[in-house]
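Remarks on the structure that follows.
The values are calculated or read from the model by the stated rules, or taken from the named source; none is laboratory data. Computed from a predicted structure; not experimentally measured. When we count neighbours, we look across all protein chains shown, and the Cβ atoms used for this are built from the backbone with ideal geometry, even at glycine. Protein only, heavy atoms only, side chains kept; ligands, DNA and RNA dropped before computing areas. Shrake-Rupley method; radii C 1.70, N 1.55, O 1.52, S 1.80 Å.
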Amino acid sequence: ADYVAQDYAVVSLQAPIALGAHRFAWYRNGTGAQADITAARHQILTRVSQIQQQLSIPPNRTLLAGFSQGAVMSWSIVFNAPHSIGAAAIFSGRLPESEGRPTPQQNRRNLPQLFVGHGQNDQRIALALDEQAVALAQQRGYALSFHRYADLGHGINPQELTDFKQWAAGLSLQKPSS
């Protein structure tokens, strides 16, 4: 709780596909990945909406956080349903392969704020893939804070959490948008 914005609901959901001890997935890699990603995006959006209603939190005060496949899903939501959230924290992710060219956003106002962190030694999801997603987000008008971590592989380290905490504190200082 020390790493969250005070007036945001932080949503980080556990993926439904159990892979083993403390390991879960949103989608299967391979031929079924796109169908899984589409279904998972709808599941996430439904759950986020339920949480927003239960807590009386508007979308612009909802921060979606994801690591690895959760980060892939966060990118998918950022580009396909940007007005469903106010911010996203993306840890070691990439765009889904089929979403390399998301449709242009009609309204650049009130796009979610983004925190993106990625280890330079990530052997599971190459840093270059997150860099491509960041470049596309910048082209689309998203405000973001991008951090690369020299001594980090596929994980989250204390420096990344500190950077996230500072970024999230800045969200709380901003005026709510309608």
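Ligands, DNA and RNA left out, the accessible area of the chain computed with a 1.4 Å probe is 49% carbon and sulfur. Spatially, region 115-173 and region 1-77 are offset by 17 Å when compared through their Cα centroids.
Cβ-Cβ distance of His147 and Thr46, R₀ of 35 Å, FRET efficiency by 1/(1 + (r/R0)^6): the value works out to about 0.70. Take every pair of alpha-carbon atoms less than 8 Å apart whose residues are at least six positions apart; their mean separation over the length of the chain yields a relative contact order of 22 percent.
Applying the Karplus relation 6.51 cos²θ - 1.76 cosθ + 1.60 with θ = phi - 60° to region 24-35 yields 3J(HN,Hα) values of 9, 9, 8, 8, 8, 6, x, 5, x, 4, 5, 4 Hz, where x marks Gly and Pro. Here r is the Cβ-Cβ distance between Leu161 and Asn121 and R0 is 25 Å; the resulting FRET efficiency, rounded to 0.05, is 0.90. Taking Cα centre as origin and charging only the Cβ of basic (Lys, Arg, +1) and acidic (Asp, Glu, -1) residues, the dipole magnitude of the chain rounds to 460 debye.
For the chain, what does the accessible surface come to per residue with a 1.4 Å probe? Please give it in Å². Value for the chain: 52 Å² per residue.
Take every pair of alpha-carbon atoms less than 8 Å apart whose residues are at least six positions apart; their mean separation over the length of region 109-174 yields a relative contact order of 43 percent. Under a 10 Å cutoff between Cα atoms, tell me which one of Gly20, Gly70, Gly153 has the largest fluctuation in the Gaussian network model of the chain. Largest GNM mean-square fluctuation: Gly20. Modelled this way, with points 7 Å down the Cα-to-C-beta line, the labels at Val10 and Glu131 are 2.9 nm from one another. Computed per residue of the chain from DSSP H runs no shorter than four, each worth -39500 (n - 2.57), the mean residue ellipticity at 222 nm is -12000 deg cm²/dmol. Result for the chain in a Gaussian network model with C-alpha springs under 10 Å: among Leu64, Leu114, Leu55, the largest mean-square fluctuation is at Leu55. Can you match Cα extents along the principal axes in Å to one of these, (i) 41, 35, 34; (ii) 47, 34, 32; (iii) 51, 45, 36, based on a calculation from the structure here? The value computed from this structure is option (i).
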